[in-house]
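Scroll down for the structure; my scribbles are underneath it.
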Amino acid sequence: IKHRSIYEAIGGFDTIGTLVQAFYKRVGKHPDLIPIFPDDLTETARKQHLFLTQFFGGPRLYEEERGHPMMRRRHLPFPITPTRRDAWLSCMKEALEEAEIKEPYREVIFEKLTLTANHMMNTPE
Ligand code: HEM
């Protein structure tokens, strides 16, 4: 049996693009996140678009450009506290709503991102 990926089910590359735009719009305004992100989020958003594409079962675009994801290692230069994890997830929760990603996919996506966000924490408060 060939199962459809989450990526396909929600509408593919364009839907992930809408989600990423809605997400970084919030990141750029969030007082807990502003200090560790660059002012211009264009490149960050572009890389996240590639990453989330492959993370949810689409083409492996991130790896093609950046190599092995090693997400925890790539985040070590940034102090990611529990507060910042919560802020990241709250921006993502709102972005999933704005992008009108439907259940059950919305919840499945949020659960998977929550596990990954927990794994990214590297600094106590
Ligand atoms: C890059 C913060 C969680 C995926 C970054 C950057 C920061 C950051 C500061 C660097 C931005 C730049 O210089 O362009 C955080 C915080 C998180 C978090 C505070 C809270 C837990 C996640 C999660 C994922 C993720 C859960 C994936 C599901 C990425 C990707 C990049 C990135 C793909 C770009 C890496 C690259 O340069 O190739 N993040 N992040 N992050 N983050 Fe996160």
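Bear in mind that the values in this text are calculations on the coordinates, not laboratory data. Predicted, not measured: the structure shown is a model, and the values here were computed from it. Because the Cβ atoms are built from the backbone with ideal geometry, glycine has one as well, and the counts that use them run over all protein chains shown.
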- Message: Restricting to region 33-47, count the residues that are within 20 Å of Leu19 (Cβ to Cβ) and of a type in the set (Val, Ile, Thr).
- Response: 2
- Of everything in region 19-42 that's surrounded by 18 or more Cβ atoms within 10 Å (Cβ to Cβ) and not hydrophobic (A, V, I, L, M, F, W, C), which residue is nearest to Tyr62 (Cα to Cα)? Tyr24
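Per-residue answers, yes or no, for (1) within 10 Å of the ligand (Cβ to nearest atom); (2) part of a helix (DSSP H, G or I):
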position: Ala87; (1), (2): yes, yes
position: Leu96; (1), (2): no, yes
position: Ile101; (1), (2): no, no
position: Glu111; (1), (2): no, yes
- Which of (1) near the ligand (Cβ under 9 Å from one of its atoms); (2) touching a Gly at 6+ places or on another chain (Cβ under 9 Å); (3) aliphatic (A, V, I, L, M) does Ile16 not meet, given it meets every other one? (1)
- For region 41-52, does any single residue satisfy the condition of being in a helix (DSSP H, G or I), of a type in the set (Val, Ile, Thr) and free of Cβ contacts under 8 Å to residues at least 12 places away in the same chain? yes
- Query: What are the residues in region 53-81 that are touching a Phe, Trp or Tyr at 6+ places or on another chain (Cβ under 7 Å), within 9 Å of the ligand (Cβ to nearest atom) and assigned to a loop (DSSP other than H, G, I, E, B), if any?
  - Reply: Pro69
- Query: For the subset of region 108-125 comprising residues that are touching a residue at least 12 places away in the same chain (Cβ under 8 Å) and among the charged types (D, E, K, R), which member is surrounded by the fewest Cβ atoms within 10 Å (Cβ to Cβ)?
  - Reply: Glu125
- Check off (1) part of a loop (DSSP other than H, G, I, E, B); (2) farther than 23 Å from Glu107 by Cα; (3) more than 8 Å from the ligand (Cβ to nearest atom) for His30 and give me the number that stays unchecked. (2)
